[in-house]
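A.B. asks: For reference, the structure I am asking about is given below.
The values are calculated or read from the model by the stated rules, or taken from the named source; none is laboratory data. The shown structure was predicted, so the numbers you read here are calculated from the model rather than taken from an experiment. Here Cβ is always computed from backbone atoms with ideal geometry, including for glycine, and neighbour counts include all displayed protein chains. Each accessible area value is taken on the protein alone, full model and side chains, heavy atoms only, with ligands, DNA and RNA left out. Shrake-Rupley method; radii C 1.70, N 1.55, O 1.52, S 1.80 Å.
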Amino acid sequence: MTPTKSTTKIPAKTWFITGASRGIGAEIARAALANGDRVVATGRDARAIARLFESELDRVLPLQLDVTSEADAIMAVEAAVARFGRIDVLVNNAGYGLLGLFEEATPDEITTQFATNVFGAFNVMRAVLPVMRRQHGGHIFNMSSVGGIVGFAAASVYCASKFALEGLSESLAPELAGFGIGMTIVEPGFIRTDFLDSSSVRYGTRTVEGYGETAAAMRRVYEEKNHAQQGDAAKLGAALVMLANAEQPPLRWAAGSDAVAAITGKLGTARGELEQWRTLSVSTDRTA
Ligand SMILES: NC(=O)c1ccc[n+]([C@@H]2O[C@H](COP(=O)([O-])OP(=O)(O)OC[C@H]3O[C@@H](n4cnc5c(N)ncnc54)[C@H](OP(=O)(O)O)[C@@H]3O)[C@@H](O)[C@H]2O)c1
C-alpha cells in the first residue's frame, strides 16, 4: 500500500456508494464521512439510508438505487451531480452470495445473481463514467471478493459473478486511464457483515442426488461463520479511504489475512502449472 506522501491538504471528495444500507457499504460511507468527504449513499430503501445517516444529511445524499435497474442508476447519478456537482469515487459494493453446489442453483437464481453482482455494477458504471470523463478524473472501487480470483466449492456461481466483474474491471482500467480515472478491484476475505445471514445470502433451491452429505456440510460451514467472520468492515472502509487518497492506488487490493493467504496460494499454483506445462503450451505456435 502506498499512502499519500504529500502533506498538502487533499480536497474533500464526493463518494457514490451502492448497497450503503448496511455491512461494508455502510462502513465505507462512515469512513468517508469521518475523513471529511461527502457521500451519495444509495440503496434499495432510501428512507432507511436517510435514517442511518440522519445526523449527517448536510454531507450525505440518500438515494433509491436498486442496481438491477438501469433507470434507477441514471436517476441517482443525475441527482448526485445536481446536489454535489461531481462524483470523485464510485464504489460498486451492492451484492450478495448465491451459495451452494452449482447443480442446486436454478437458471433464475443464477440470472438474478449475475443481474446484481455483474450487470448491476455495469449499470452504475455506464451511468457514472460520462460524469468522470467530463471532469477528467475519478476512481472506481469494484467490490469483488477473494472468490473473484480464487474459485471455491459451494460458491461456484458467486465466484463466477465476481470473476466476471474482475474481467470487466481489469479490461476497463486501460480504457479509462487516459481520462485520469483509476480502478481498484477489492478482494475481501470473510468480513463480519450480514453477508452469510439469511437476510442476505441465498442458497440454490434444487435438491440434487449424488453429492451425498457435501451440500449440507458446506452449508453448515457457512452458517457457522455467520457473524463470526474475522474481517472488520469498519477497517476495510478506512482502508478504502486511504487507497482513494493514495498517489497510485493498486489495480487489485486484498482485504484480510485469509484473502492474502488464499490469493498467494492461487498465484503459486498458477505459476507452477504454467511452468510445468510451458513446453506443451508454446508448442501450439505455428512454425514459420
Ligand atoms: N462480507 C464478506 O465476507 C464479503 C467478502 C467478499 C466480498 N463481499 C462483497 O461485499 C459486498 C457487500 O457485502 P456485505 O458483506 O456488506 O453484505 P451485506 O451486509 O449483506 O450487505 C449487502 C449490501 O448489498 C445491498 N444489495 C444487495 N442487492 C442489491 C441490489 N439489487 N441493489 C442495491 N443494493 C443491493 C444490500 O441492500 P439491502 O440492505 O437492501 O439488502 C446491502 O446494502 C458484496 O458485493 C459482497 O459480495 C463481502
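A.B. asks: Please name all residue pairs, on different chains or six or more residues apart, with Cβ atoms under 9 Å, provided the first residue is in the range 18-43 and is open to solvent by 10 Å² or more (accessible area, probe 1.4 Å) and of a type in the set (Asp, Glu) and the second residue is within 15 Å of the ligand (Cβ to nearest atom) and part of a loop (DSSP other than H, G, I, E, B).
C.D. replies: Every condition considered, the pairs that remain are Glu27/Thr193; Glu27/Asp232.
A.B. asks: What number of residues within the range 86-119 are open to solvent by less than 50 Å² (accessible area, probe 1.4 Å), closer than 22 Å to Ile28 by Cα and either not in a strand (DSSP E or B) or not hydrophobic (A, V, I, L, M, F, W, C) (or both)?
C.D. replies: The number of residues fulfilling the criteria is 11.
A.B. asks: Is it the case that Thr106 is farther than 14 Å from Leu176 by Cβ, touching a residue at least 60 places away in the same chain (Cβ under 8 Å) and touching a Gly at 6+ places or on another chain (Cβ under 8 Å)?
C.D. replies: Here the answer is yes, as Thr106 does meet what is asked.
A.B. asks: Condition check: within 16 Å of the ligand (Cβ to nearest atom), farther than 19 Å from Ala115 by Cα and surrounded by 19 or more Cβ atoms within 10 Å (Cβ to Cβ). Does Val186 satisfy that?
C.D. replies: Working: within 16 Å of the ligand (Cβ to nearest atom): yes; farther than 19 Å from Ala115 by Cα: yes; surrounded by 19 or more Cβ atoms within 10 Å (Cβ to Cβ): yes.
Judged against the criteria, Val186 is a match.
A.B. asks: Is there any pair linking a residue in the range 114-128 that is hydroxyl-bearing (Ser, Thr, Tyr) to one that is near the ligand (Cβ under 9 Å from one of its atoms), with Cβ under 9 Å and at least six apart or on different chains, and which?
C.D. replies: If the second residue must be near the ligand (Cβ under 9 Å from one of its atoms), the pairs left are Thr116/Asp66; Thr116/Val67; Thr116/Thr68; Thr116/Ala94; Thr116/Gly95; Thr116/Tyr96; Thr116/Ser161.
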